[in-house]
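To keep things clear, I will list the structure first and then write my remarks on it.
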Amino acid sequence: MSNKERALLIGIDLSEKKEFSVEESLKELSQLAYTKGAQTIDTIIQKKVKPDPKFFIGKGKVFEIKKICEKEKINIVIFDENLTPAQQKNLENEIPARVIDRTQLILDIFSQRARTQEAKLQIELAEKYYQLPRLIGKRGVLAQQVGNIGVRGGAGERKIEIDRRRIRDRISYLKKEIEKVKDHRETQRSKREEVPVPIISLVGYTNVGKSTLLNYLTKKNSVYADNKLFATLDTTTRKVNLPSGKLVLFTDTVGFINKLPHQLIAAFKSTLEEITHSNLIIHIIDITNQNYQNTEKVVLNVLKEIGADKIPLIDVYNKCDLIKTKFSHSNYLCISASKGNKVLELLNLIDRKLELNLEYKNISIPYNQLSILDKIKTVGKIIKYKPHGNYAELKIMIDNKNWEQIKKITHLK
C-alpha cells in the first residue's frame with residue numbers, strides 16, 4: 001500500500017451480540033488502514049442474517065461498491081471480516097479495485113513492522129498459510145502446465161501444483177527455523193535465571209502507550225512509539241531501577257487486538273510467551289478509547305489463553321491528561337506515560353507488589369565480601385545492618401531464587 005491509496009471499508013451486521021459493534025470494528029479497521037498507509041474515503045455497512053456464499057455481501061451492494069469505486073477513485077476495498085478465496089476472487093472480478101480482508105491487512109502490517117528474526121519468521125509462516133488456499137484460479141495464470149526439468153514431453157505439472165509444493169516446502173523450512181530460534185531463546189532465559197531479576201511485562205491493547213511508558217522509564221527513545229496500531233511488534237526488554245533501588249526488567253510486548261487472524265495466533269502467542277515468565281504484569285488501558293472496557297476483556301482473555309492469568313496484575317489507565325472529566329477509582333492508577341504524570345506512583349506500587357514475594361533472611365558477610373551488598377540492594381532489601389569484628393550481620397528481604405544465588409556467592413549452606 002502506498003500513501004496515495006484511497007480505501008473503502010466494508011462491514012456486515014449479522015445482528016449478533018458482540019463486544020465490539022460493527023461501527024467500532026470499522027473504526028479500528030480505519031486505524032489499521034491508516035497504519036498501513038491508506039486513507040479511508042468511505043465505509044459501507046450491510047445488515048444480513050448470514051454472509052452471502054458468493055460475494056460475502058449482497059449482489060446489490062457489490063454493484064453499489066463498484067459505482068463508489070469509480071466515482072471516488074477508490075483503489076482498495078477492505079472487508080472487516082475474513083473472505084474465502086472464492087469470495088475474494090468473485091469480488092475482484094466485479095469491483096475495479098484491489099480487494100483484501102482484515103486478515104490480509106493485519107498480515108501486511110505485521111510483515112512491514114517486524115524487526116527481529118523470530119518475528120519475521122513467524123509472520124512469513126502465517127502469510128504462507130494464508131496464501132496456500134488462495135492459489136486456485138488467480139486469473140487463470142496458475143492453471144497452465146509446465147514440463148518437468150530434464151523431462152521431454154509428457155503431461156507435465158500444473159504451475160499451481162508447483163507453487164503449492166514450494167509453499168509447503170517453505171512452511172516446513174520456516175517451522176524448523178522457528179524451533180531453532182525458540183531453543184536459542186530458552187537458552188538465553190536459562191542463563192538469565194541464573195541471576196534472577198524480577199521481570200515486569202507491559203501488556204495491553206494495541207496503541208495504548210506501552211512503548212511510550214518504557215521510553216519514559218528508561219529516559220530514552222530507544223523503543224519506537226507512534227500513534228498507530230501495532231507501532232511495535234517485537235518484544236523489547238530494558239533495565240529499570242525502582243525507587244527502592246531494586247533492579248527490574250521491563251518487557252514491552254506486542255499489542256493485542258480484536259479478531260486477530262487465526263493464521264497469526266501461533267505467532268502472536270509465541271511472541272507473548274515471555275509474559276508467562278513474568279513476576280508481575282502491568283495492564284495498560286487507554287482511557288481515551290470509548291470502548292476501553294471491551295478492549296480490557298480482549299487482553300484478559302488472551303492472558304488466560306497463554307496461561308498468564310495467575311500472575312499478579314496491576315491495571316493502569318493511560319492518557320489521563322487527554323480526558324476532560326476527572327477519572328478516579330480507588331483500585332486503579334491513572335497516568336500519562338508521555339508526560340510522566342503519576343508514573344512514580346506506579347513504580348512505588350510495583351515495589352510494594354514485588355515485596356509480597358520476599359521473605360526475611362539473616363546473613364553474615366565478611367568485610368572482604370561486602371561488595372555483595374550492591375547485589376542484595378538490586379534484588380532485595382536490606383532491613384538491618386549490624387557490624388561486628390570481621391563481618392557484618394544483615395537482615396534482608398529477598399525472594400527464594402535470589403537467596404539461593406546469594407548463598408552460593410557467600411558459600412553459605
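For region 339-407 and region 71-96, compute the distance between their C-alpha centroids and round to whole Å.
Between the Cα centre of region 339-407 and that of region 71-96, the gap is 61 Å.
Any idea what the relative contact order of region 282-413 is, in percent, if you count C-alpha pairs under 8 Å spaced at least 6 apart?
Result for region 282-413 is 17 percent.
Please give, to one decimal in nm, the separation of the simple spin-label points placed at K324 and K50, each 7 Å out from Cα toward the Cβ.
Placing both labels 7 Å along Cα→Cβ, they lie 4.6 nm apart.
Please work out whether region 242-314 counts as rounded, prolate or oblate from its C-alpha gyration tensor, where a ≥ b ≥ c are the square roots of the eigenvalues and a/c under 1.5 means rounded, while otherwise a/b larger than b/c means prolate and anything else oblate?
Numbers: a/c = 2.12, a/b = 1.34, b/c = 1.59.
Judged from the Cα gyration tensor, region 242-314 comes out oblate (a/c at least 1.5, b/c at or above a/b).
Quick one: compute the contact order of region 359-410, relative version, from alpha carbon pairs under 8 angstrom and 6+ residues apart, as a percent.
45
Can you tell me which of D169, D309, D101 moves the most in a GNM of the chain? Springs connect C-alpha atoms under 10 Å apart.
Evaluated over the chain, the most mobile residue of the options is D169.
Enter the angle in degrees (range 0 to 90, nearest 10) between the Cα long axis of helix 159-194 and the first principal axis of the Cα atoms of the chain, meaning the one along which they spread out most.
10
With r defined as the distance between the Cβ atoms of I311 and S111 and R0 fixed at 35 Å, what FRET efficiency is calculated, to the nearest 0.05?
In this case the efficiency is close to 0.70.
In terms of the ratio Rg/(2.2 N^0.38 Å) built on C-alpha atoms, what value belongs to region 6-110?
Numbers: Rg = 12.7 Å, N = 105, 2.2 N^0.38 = 12.9 Å.
Against the compact-globule rule of thumb, the ratio is 0.98.
Compute, for the chain, the length of the dipole vector about the Cα centre, with Cβ point charges of +1 (Lys, Arg) and -1 (Asp, Glu) only. Units Debye, rounded to 20.
Result for the chain is approximately 620 debye, rounded to the nearest 20.
Would you calculate, for the chain, the mean residue ellipticity at 222 nm contributed by helices, counting each DSSP H stretch of 4 or more residues as -39,500 (n - 2.57) and dividing by all residues, to the nearest 500?
Helices in the chain give a 222 nm mean residue ellipticity of -13000 deg cm²/dmol.
On the Cα set of region 270-413, report Rg and Dmax in Å, please.
According to the Cα coordinates of region 270-413, Rg and Dmax are 20.3, 65 Å.
Round to the nearest 10 and give me the degree value, 0 to 90, for the angle of helix 85-94's Cα axis relative to the longest principal axis of the chain.
That helix lies at roughly 50 degrees to the long axis.
For the chain, what's the relative contact order in percent, using C-alpha pairs closer than 8 Å and at least 6 residues apart?
12
Return the distance in nm (one decimal) between the two label points of a simple spin-label model at Y34 and D163, each offset 7 Å from Cα along Cα→Cβ.
According to this spin-label approximation, the distance is 3.5 nm.
Kindly express, to the nearest 10 degrees and within the range 0 to 90, the angle between helix 292-305's C-alpha long axis and the longest C-alpha principal axis of the chain.
For helix 292-305, the angle is close to 80 degrees.
Readers should treat all values here as calculations from the given coordinates under stated rules, not as data from a laboratory. Quick caveat, the model's predicted, so the values are computed rather than measured. Counting neighbours? That spans all protein chains shown, and the Cβs are built from the backbone with ideal geometry, glycine included.
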